[in-house]
Amino acid sequence: PTPCRLIPTFTTVFGLAMLSASAAFADDTDKFTEADADVSGALTFAEFKTTVSGKTDEAKVSKKFKRADSNGDQSVTLEEWLAYKQEIEDELDDLAKYTAIFNEADKDDDGFLTYDEFKPLVKGKAPLIESRKRFLKADADDDLQVSLNEWLAFKNDAVEDVKFRKFDLADADNDDQL
């Protein structure tokens, strides 16, 4: 496409993206306003509870409320609410991105990454030992393959930092020989 044809296309796409973001912002603001029964400009725990599914247990609602109440004053302002909703949206974007990366790397579509499938995901020119260390760290159940759940936990830094001997890291075929 010529440069003058790109600008209207970009403008249209950018405009649609802005409309979409604007609509999500309006939906979140409307949901907050509907939940703010006493019109105080902040949600109490009871008001916040009306924004989540009725099937959500009290402990989960409490955890969500504490997460949204960033200043810990036992109420959620519109600003905190919008930041909380954006944080959730960002996490969902990360989940989709990490899942797509996993699916792309899973060459045999078996739902697991072998070390050979995992290796290209290690950025830069990490030495064999470093890529092996990351693989073994991601492989939480020690079955020498990384499931999607293990991959997501690894990408979200939700796995224990395990110490490995250099010999174990260099022993790529796990035969106790180099």
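Here are some notes:
- For region 77-82, backbone phi angles converted through the Karplus equation (6.51, -1.76, 1.60; θ = phi - 60°) give residue-by-residue couplings of 7, 4, 4, 5, 4, 5 Hz, Gly and Pro being listed as x.
- Dipole moment magnitude, nearest 20 debye, region 79-154 about Cα centre, only Lys, Arg, Asp, Glu C-beta charged: 620
- Nearby aspartates and glutamates by direct alpha-carbon distance to LYS60 (threshold 19 angstrom, same-chain neighbours under 8 apart not counted): GLU47, ASP69, ASP73, GLU80, GLU87, GLU89, GLU91
- The residues of region 99-178 expose on average 66 square angstrom of accessible surface per residue, using a 1.4 Å probe on protein heavy atoms.
- Given LYS85/LYS137; LYS85/LYS133; LYS123/LYS166; LYS64/LYS97; LYS119/LYS166, the pairs whose alpha carbons are separated by over 25 Å: LYS85/LYS137; LYS85/LYS133
- Between ALA96 and LYS66, the distance separating the two model label sites (each 7 Å from Cα on the Cα→Cβ line) works out to 3.0 nm.
- Within region 24-73: Cβ-based charge dipole about Cα centre, in debye rounded to nearest 20 (Lys, Arg +1; Asp, Glu -1): 380
- Charge tally in the Cβ shell below 14 Å around ASP168, where Lys, Arg are +1 and Asp, Glu are -1, ASP168 excluded: 0
- Length-normalised contact order of region 90-145 in % [C-alpha pairs under 8 Å, at least 6 apart]: 27
The values are calculated or read from the model by the stated rules, or taken from the named source; none is laboratory data. The structure displayed is predicted, hence computed values, not measured ones. Glycine gets a Cβ as well: all are built from the backbone with ideal geometry, and neighbour counts include every protein chain shown. The area values use the complete protein model at the heavy-atom level, side chains included, leaving out ligands, DNA and RNA. Shrake-Rupley method; radii C 1.70, N 1.55, O 1.52, S 1.80 Å.
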